[in-house]
Amino acid sequence: MAHESPALDLYDRRILSALQDDGALTNQALADRVHLSASQCSRRRQRLEADGLIRGYRADLDAARLGLTITVYVNVMLNTHSPENAERFQRLVARLPEVQEAHALTGDMDYLLKIVVADLPALSELINGELLPHQSVSTVKSSIVLSTLKADHRLPIAE
């Protein structure tokens, strides 16, 4: 399914870029950064939100300071490749708050999950208590993150 990209001018791209840096910017602060009036920024922001380019705003929390010190990438293979089984797996993933991201893949594995947990016992409980026994899952392979070289959620918006 192709997604139609709305036409964005230089000011729209500047607004999007500035909001990626700080989603809490007031319209006046945003206007100062992108060199437009506050009312123009407000109208443009509302249009970008209505068009779905801005999906929401959230705080960037420090996982380690919250006691979530283990990040793991988990590859999952389903036991059968039916729509019903895929739906069962999607329901499982949706109810697990530890799963930060879930991607369907090409290649050897069916899904890649990014999981954040407090410690190794919590990871063991999630894998051995939730993923492996689930009726939709055949194989689980995990890789624990030792260090993070880059964690930037900003999209590359050309200005």
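FYI, it's all coordinate maths here, none of it is from the lab. Note that the coordinates shown come from a computational prediction; the quantities given were computed from them, not determined experimentally. Positions of Cβ are backbone-derived with ideal geometry, glycine not excepted, and every protein chain shown enters the neighbour counts.
Given ALA94, ALA63, which one is touching a residue at least 40 places away in the same chain (Cβ under 8 Å), among the small types (Gly, Ala, Ser) and closer than 30 Å to PRO121 by Cβ?
Sole residue among the options that is touching a residue at least 40 places away in the same chain (Cβ under 8 Å), among the small types (Gly, Ala, Ser) and closer than 30 Å to PRO121 by Cβ: ALA63.
Of all residues in region 43-85, which are crowded, with 16+ Cβ neighbours inside 10 Å, among the polar types (S, T, N, Q) and more than 26 Å from THR148 (Cα to Cα)?
Within region 43-85, ASN85 is the sole residue that qualifies.
Residue check, ILE157 against (1) closer than 30 Å to TYR11 by Cα; (2) within 15 Å of the chain's Cα centre (by Cα), all met but one. Which one?
Of the numbered conditions (1) closer than 30 Å to TYR11 by Cα; (2) within 15 Å of the chain's Cα centre (by Cα), the odd one out for ILE157 is (2).
For the list (1) more than 25 Å from ALA59 (Cα to Cα); (2) of a type outside the set (Phe, Trp, Tyr); (3) part of a helix (DSSP H, G or I), I need the number of the one condition that SER42 fails.
(1)
Give SER5, SER42 a once-over and let me know the one that is among the hydroxyl-bearing types (Ser, Thr, Tyr) and either more than 22 Å from PRO156 (Cβ to Cβ) or in contact (Cβ under 8 Å) with a residue 24 or more places away in the chain (or both). Steps first, answer last, please.
Working: SER5 fails: either more than 22 Å from PRO156 (Cβ to Cβ) or in contact (Cβ under 8 Å) with a residue 24 or more places away in the chain (or both).
When all the criteria are applied, what remains is SER42.
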